[in-house]
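Visitor: Dropping the structure in here first, questions after.
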Amino acid sequence: QVQLVESGGGLVEAGGSLRLSCAASGSIFSINVMGWYRQTPGKQRDVVARISTGGMINYADSVKGRFTISRDNAKNTVYLQMNSLKPEDTAVYYCYADLIVATGRTYVNVWGQGTMVTVSS
């Protein structure tokens, strides 16, 4: 059993900063990609940022220059530093991992439970 536990969401004023964390735990053999997605009511879940084991990073155009994704492979943890937040960044943020479980060496995609980020104007 593998789970992702997120923390760090909350309420912040426009222009402020928040840092999200997501730790993977359980029977993990290896983790390939970790990342963050976000979703607002009635819309699809969209990628915010992704980072591979080797450090390759992709950002959504809307967050480039404001958000920074990083990863601690030893701790199976991914972070999202969010600066210069805007009201349009308000969403539920979900952590994601593409990994291999230790038992059976099976590829799985795992999602966190989501953490709310609210940016007031």
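The values are calculated or read from the model by the stated rules, or taken from the named source; none is laboratory data. No experiment lies behind these values; they were computed from the predicted model shown. Here the Cβ is made from the backbone with ideal geometry for all residues, glycine too, and neighbour counts use every protein chain on show. Note: areas computed on protein heavy atoms with side chains; ligands, DNA, RNA excluded. Shrake-Rupley method; radii C 1.70, N 1.55, O 1.52, S 1.80 Å.
Visitor: When the residues of the range 72-101 are filtered to those that are open to solvent by 20 Å² or more (accessible area, probe 1.4 Å) and among the aromatic types (Phe, Trp, Tyr), which remaining residue is farthest from Ser17 (Cα to Cα)?
Guide: Looking only at the range 72-101, we keep the residues that are open to solvent by 20 Å² or more (accessible area, probe 1.4 Å), and these are 72-76, 79, 81, 83-84, 86-88, 90, 92, 94, 96, 98, 100-101.
Among the residues that remain, those that are also among the aromatic types (Phe, Trp, Tyr) are: 79, 94, 96.
Working: Tyr79: 13, Tyr94: 18, Tyr96: 21 Å.
Filtering the range 72-101 for residues that are open to solvent by 20 Å² or more (accessible area, probe 1.4 Å) and among the aromatic types (Phe, Trp, Tyr), the one farthest from Ser17 (Cα to Cα) comes out as Tyr96.
Visitor: Among the residues of the range 71-97, write down those that are in a strand (DSSP E or B) and out of contact with any Ser or Thr (no Cβ under 9 Å at 6 or more places or on another chain). Can you show your working first?
Guide: Taking the range 71-97 and keeping what is in a strand (DSSP E or B), we get 71-72, 77-82, 91-97.
Those that are in a strand (DSSP E or B) and out of contact with any Ser or Thr (no Cβ under 9 Å at 6 or more places or on another chain): Asp72, Tyr96, Ala97.
Visitor: What number of residues within the range 1-25 are over 11 Å from the mean Cα position of the chain (by Cα) and open to solvent by 40 Å² or more (accessible area, probe 1.4 Å)?
Guide: The total comes to 8.
Visitor: For Gly104, only one of the following conditions fails: (1) touching a residue at least 60 places away in the same chain (Cβ under 8 Å); (2) open to solvent by 30 Å² or more (accessible area, probe 1.4 Å). What is its number?
Guide: (1)
Visitor: If the Cβ limit is 6 Å and pairs must be 6+ apart or interchain, which residue in the range 55-78 that is polar (S, T, N, Q) pairs with which residue that is open to solvent by 50 Å² or more (accessible area, probe 1.4 Å)?
Guide: Pairs that qualify, where the first residue is polar (S, T, N, Q) and the partner is open to solvent by 50 Å² or more (accessible area, probe 1.4 Å), are Asn58/Arg50; Thr68/Gln81.
Visitor: Same structure again: Would you please name the residue that is surrounded by the fewest Cβ atoms within 10 Å (Cβ to Cβ), looking only at residues in the range 53-71 that are modelled with pLDDT of 95 or more and more than 25 Å from Pro87 (Cα to Cα)? Give the derivation first.
Guide: Pass one, the range 53-71, residues modelled with pLDDT of 95 or more: 56-71.
Those still in the list that are more than 25 Å from Pro87 (Cα to Cα) too: 56, 71.
Numbers: Met56: 9, Arg71: 20.
Looking at the filtered set, the residue picked out is Met56.
Visitor: Same structure, new question: Please enumerate the residues belonging to the range 42-70 that are in a strand (DSSP E or B) and acidic (Asp, Glu).
Guide: So the first thing to find is which residues in the range 42-70 are in a strand (DSSP E or B), and the list is 46-51, 57-59, 67-70.
Matches in the range 42-70: Asp46 only.
Visitor: Would you point out the residue of the range 26-49, among those that are open to solvent by 50 Å² or more (accessible area, probe 1.4 Å), in contact (Cβ under 8 Å) with a residue 40 or more places away in the chain and under 15 Å from the mean Cα position of the chain (by Cα), that is nearest to Thr118 (Cα to Cα)?
Guide: My answer is Gln39.
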